[in-house]
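Heads up, the thing below is written out as structure tokens.
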Amino acid sequence: MYPFIPKQAIYWNISMVYCRDSAFDVAVERSNYLSLPEMNIRIRVYILILGASMGWHIRAFAQESVEYSPETTVYYLESDVYSDTLLAHATDTGITNMHMYNYQFLNHRFYQNLATIGSAVKPLYPEPSFTLGYLGGFSSFDPYLPNGGEMRYFDTRSPYTDVRYVQGNTGESKLTIDFTRNVSPLINLGASYQSLRSQKIIGKLTQRDVHANNQSLELNGSVQGLKGKYNLLAHYRIFRHTQDESGGLIPSFADTLDYIEQDGLVHINNGQSFDRRNTFHLYQDLRLKGKYLSIFHSLDVLSQKVGYRDTTYQDASSADLSYFPAFFEDSNRTDHVQRSQQWDHKIGLKSSAKNYFLGAYLQYRSLEYTARATSGLEDPVFPADIHSVMLGGNAKLQLSDTVGLEFKGQQILLQNATTQSDQVSLPSNYDYYLDGLLRYKSVSLGMGRTVQSPSLWQVYTRNNHLTWNNDFKPVSTNYLYGKLKYDTKGIHARVKLGATLLDNYIYLVEDENSNGSVKPLQHTERLLLFSGSLYFRAQWRSLVLESDMTAARNTSADVIRFPALSAYPRLYLERRYFNKVLLAQLGVESVIRTSYFGDNYMPFLQQYYVQNDFNLKGQSVYGIFFNGNFKGYYDIFFKLTHVNDITASSLYYTAPYYSGMPFSFQFGARVRFFD
């Protein structure tokens, strides 16, 4: 631990619990009526007020004279506190991949989106999930949660501010402000603000026609008390996300294109999807007998409201009415919404020592879910009340210096799922997952099994354009994988090979009996998938070759679609200049994907679905970038995207009838203040 950090010092968040009528919420709710500059000005005022109250009206604890730097500002994750490792993570000052900001590639994983930042996202390759029980299932905008949804709890010797900004000539922008400070050696408070916006690539009606808009605010903090025996972490998050829908290019128009047409004809001009969330999280633990026995408790409260709104169907210029499969409620407008109110309580015991960690807990979840075909309906078409009791735990055993074992699992013991609708039934499902990992030196072997209930939107949906009622079984996933790490002078590699078996897989697909409609189906036969991924970095003097690659194959029914190969290679020069004041990277990159019948996007549901008509041709999108860091405090990047679009028409699609980013220029900057 650092000398100024009390041993085992952790922190606490001062948070609000629901502020549905807060000034921030009102500003975002009125975003449909305010211009974006006006709305952003208002929200920035709130951030300035917050910064003033935290930065100028809180008296810092006494400190001896010290040079503040990244070494005096560290952070922890909740997993560090829970596992009693208390590993202090250094503040990130690296510049590698800082130019890759558009959410098509995150944490060595590939994603599909609608080309712009802020657009709906899905993993390009399937991954197992460890979330059990009935849930709403609306997660297409999860990657835009601040910091990827993972909260960092800081321990700072001085006030710390981190400001990041990205701007592109095609209208995308992203601003992130993080502020944190210790008000005593044991208490830290912080706040984060994020503003993200992009303009339409297709279907633009005005010069600055917005495609996606995100405004998020987090308050966080941490505390340690009782002479290191008690720790508490908490945060509160407001998340507001909108996406102006287009439905993609009209096929008859798209068939005539060989270049990206920003004012091309689209199906929808005034429809908007939204995802609004309020989240409160609290974790606390108390040592009863050193690390050998501790009690811990966590609380999660989530309020989520998602929906779709379009009130201009009567205007023939606002929508292609042939795109809509049906009008079940109103032929003049659509305004449907789904709400979730979820409470999760978890309480358990844990024990740790040098060679082991053991944890076990009981969890109670209460979920209230309502769906309204139109927001004006007094009674919801699908009200559900679900209560679950779960048992879970995890273990880590270090058998020797080179051998380790890890296990985790969870099981629903009791479940009571009721609905107030005679049309819908929710059987009690006893979901579970088991996961194990064996580590030997640089080799790891893992395997596991999950059994998960379907999402509530898959069970029952009724809105103005889509309707179904299904009795689906839980989905079973069995997986096996191996990992290999290789590190030597100048070369680093990570290899992963895996196989997955799926039973009762549920997927969304085009409804052949209804023009333009979709429906979820359950595939009753077993699916077998193989996958492999490689991360590689080699450096010779100042020349660096870095690449991520994923290859996969579906050997069974064609109900899961993904490219056979995706790759993201980068080649750049990395050197220091001006007496090592400037660290610079200058290089080229390419995003490569083989052809496949990629999933299309359904705006009325915020979900991707399987389609059989549009082949996303193989693509190689090249870019040129410069990343720089001055003195470890100031970062900057410049990037040219899709440079192969300069010399020849290079039209490509990220989803059927959603064209990709044209040739464009982006720049970004990051400034860190340590005092």
Handout entry: Neighbours by Cβ (under 9 Å, 6+ apart or cross-chain): first from segment 307-321, farther than 17 Å from Gln243 by Cα; second of a type in the set (Gly, Ala, Ser) and at pLDDT below 80
Key = Tyr313/Ala319; Tyr313/Ser331; Gln314/Ser331; Leu321/Ser331
Completion exercise
Filter segment 352-382 for residues that are of a type in the set (Ser, Thr, Tyr), part of a strand (DSSP E or B) and modelled with pLDDT under 95; the one that is farthest from Leu399 (Cα to Cα) is Thr370
Completion exercise
Scanning segment 111-167 residue by residue, those assigned to a strand (DSSP E or B), touching a helix residue (DSSP H, G or I) at 6+ places or on another chain (Cβ under 9 Å) and among the β-branched types (Val, Ile, Thr) turn out to be Thr156, Thr161
Handout entry: Which listed residue is farther than 22 Å from Arg570 by Cβ, open to solvent by less than 10 Å² (accessible area, probe 1.4 Å), of a type in the set (Val, Ile, Thr) and touching a His at 6+ places or on another chain (Cβ under 8 Å), from Val74, Val81
Key = Val74
Exercise for the section: Give the number of residues within segment 522-532 that are open to solvent by less than 60 Å² (accessible area, probe 1.4 Å) and over 16 Å from Asn554 (Cβ atoms). Expected result: 1
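Criterion first (at pLDDT 95 or above, open to solvent by 30 Å² or more (accessible area, probe 1.4 Å) and more than 27 Å from the chain's Cα centre (by Cα)) does Tyr440 satisfy it?
On the way: at pLDDT 95 or above: yes; open to solvent by 30 Å² or more (accessible area, probe 1.4 Å): yes; more than 27 Å from the chain's Cα centre (by Cα): yes.
The answer is yes for Tyr440.
Just to be sure, is Asp599 in contact (Cβ under 8 Å) with a residue 24 or more places away in the chain, of a type in the set (Asp, Glu) and either more than 30 Å from Asn269 (Cα to Cα) or touching a His at 6+ places or on another chain (Cβ under 7 Å) (or both)?
On the way: in contact (Cβ under 8 Å) with a residue 24 or more places away in the chain: yes; of a type in the set (Asp, Glu): yes; either more than 30 Å from Asn269 (Cα to Cα) or touching a His at 6+ places or on another chain (Cβ under 7 Å) (or both): no.
The answer is no for Asp599.
Please go through segment 112-137 and give me each residue that is touching a residue at least 60 places away in the same chain (Cβ under 8 Å) and either open to solvent by 20 Å² or more (accessible area, probe 1.4 Å) or of a type in the set (D, E, K, R) (or both), ordered by number. Steps first, answer last, please.
Residues of segment 112-137 that are touching a residue at least 60 places away in the same chain (Cβ under 8 Å), as a first pass: 112-120, 122, 124-126, 128-137.
Within segment 112-137, Lys122, Tyr125, Pro126, Pro128, Ser129, Phe130, Thr131, Leu135, Gly137 qualify.
Among what's in segment 398-410 and is open to solvent by less than 60 Å² (accessible area, probe 1.4 Å) and of a type outside the set (Ser, Thr, Tyr), pick the residue that is farthest from the chain's Cα centre (by Cα). Spell out how you get there, then give the answer.
Within segment 398-410, the subset open to solvent by less than 60 Å² (accessible area, probe 1.4 Å) is 400, 402-406, 409-410.
After this cut, where a residue has to be of a type outside the set (Ser, Thr, Tyr) as well, the list is 403-406, 409-410.
Numbers: Val403: 33, Gly404: 30, Leu405: 29, Glu406: 26, Gly409: 23, Gln410: 23 Å.
Ranking the qualifying residues of segment 398-410, first place goes to Val403.
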Practice task
Output the residue which, of all residues in segment 580-617 that are open to solvent by less than 50 Å² (accessible area, probe 1.4 Å) and of a type in the set (Gly, Ala, Ser), is farthest from Val509 (Cα to Cα).
Solution key: Ala584
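The values are calculated or read from the model by the stated rules, or taken from the named source; none is laboratory data. What you see is a predicted model; the values in this text were computed from it and never measured. As a convention, Cβ positions derive from the backbone with ideal geometry for all residues, glycine included, and neighbour counts pool all protein chains shown. When the accessible area is computed, the model is the full protein with side chains, heavy atoms only, and any ligands, DNA or RNA have been set aside. Shrake-Rupley method; radii C 1.70, N 1.55, O 1.52, S 1.80 Å.
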